[in-house]
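Computed from the coordinates by the stated procedures, all read-outs in this text should not be read as laboratory data. Please read all numbers here as calculations on a predicted model, not as lab measurements. Neighbour counts run over all protein chains shown; Cβ positions are idealised from the backbone, glycine included.
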Amino acid sequence: MARKSTKKPVKKTKANRAPAKPITLYYWSTPNGHKISIMLEELGVPYEMRPININKGEQFAPAFLKISPNNRIPAIVDPDGPGGRPVSVFESGAILQYLGRKYGRFYPKGERARIQVEEWLCWQVGGLGPMTGQANHFVNYSVEDLTYPKKRYTDEVHRLFGVMNRRLATRKFLAGAYSIADIACWSWVLSGSKYAPLDEFPHLKAWRDRVGARPAVVRGKALAADLRKPLTDEDRKVLFGQRAR
Ligand SMILES: N[C@@H](CCC(=O)N[C@@H](CS)C(=O)NCC(=O)O)C(=O)O
């Protein structure tokens, strides 16, 4: 018969709990990467950054594809996921929601507030990000100088900036308090401001500065920025013209 232990179970307190194992951030210094480096800096939780040099094709490595099957950064692995077991997450919006839920910060629990955060988060991942990305592509990277797509996507960035500017005319942040919606949009507004100068959008400009002044945002944006170099012709072959493998 098993003997009952006389030892009292040790209650887990902040002081004796094993230090949290770091989250691994698979990252390159781009607007989508910055969303997660900024969030992790805001949370102040331990993380280690693993660079995935997307210009050299590291996003196609089989080990990375297991974590991020869409061959895109960012992705994370949290060794202490649900049930205490490791979990990987890809897609920046899903990562922001996961981290917001896990740490209970920048993602309100109340349904009304949460709806607003999710509206603006989805607006970013489905609109602001892809449209600005296409504007970047046709203005900076397309070998052919194509007037129609350049105009179409820079017009769309301009329209989206107008939407954000109207929203921010009456509030400091996109969805109530500072949230994952602001974190998701910020780096893309910097990127899009090359095509739609912010002087035309004063409320958006003030928001950019308000968010950009946060120390965690400064640190997240600066993470491994020095690794990113101008694209070579070889890099272009890796990045552009991808088809199913
Ligand atoms: N919808 C994805 C987009 C991620 C994305 O496009 N990442 C780019 C860098 S900003 C990338 O990894 N590109 C690699 C490639 O094009 O092969 C997300 O929000 O996480």
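Under a model in which nothing but the beta-carbon of Lys, Arg (+1) and Asp, Glu (-1) is charged, the chain shows a dipole of about 1600 debye around its Cα centre.
One equal scatterer on each Cα of the stretch 51-111, no solvent, Debye formula: the resulting log10 I(q)/I(0) at q = 0.19, 0.21, 0.24 Å⁻¹ is -0.74, -0.84, -0.98. Once backbone amide H atoms are built at 1.01 Å from N, ALA75 has TYR26 as its partners under 5 Å, excluding neighbours fewer than 5 places away on the same chain. The residue list ALA206, GLY176, ALA196 was ranked by how far each Cα lies along the charge dipole of the stretch 133-245 toward its positive end, using unit charges on Cβ atoms, and GLY176 comes out on top.
Full extension of the chain segment joining SER142 with LYS56 gains 29.1 nm, where the gain is 0.36 nm per residue of separation less the Cα-Cα distance. The angle separating the long axis of helix 31-43 from the principal Cα axis of greatest extent in the chain is about 40 degrees. When the Cα convex hull of the chain is projected onto planes of every orientation, the mean area is 18.3 nm². Here the translational diffusion coefficient of the stretch 179-245 follows from Stokes-Einstein with Rh set to the Kirkwood radius across Cα pairs; for 20 °C and 1.002 mPa s it amounts to 148 µm²/s. Take 237-243, 18-24 and order them by the average number of nearby Cβ atoms within 10 Å per residue, most first; the result is 18-24, 237-243. Per residue, the Cα convex hull of the stretch 111-213 amounts to 86 Å³. Of the residues MET39, MET164, the one with the fewest other Cβ atoms within 10 Å heads the list, and the complete ranking is MET164, MET39.
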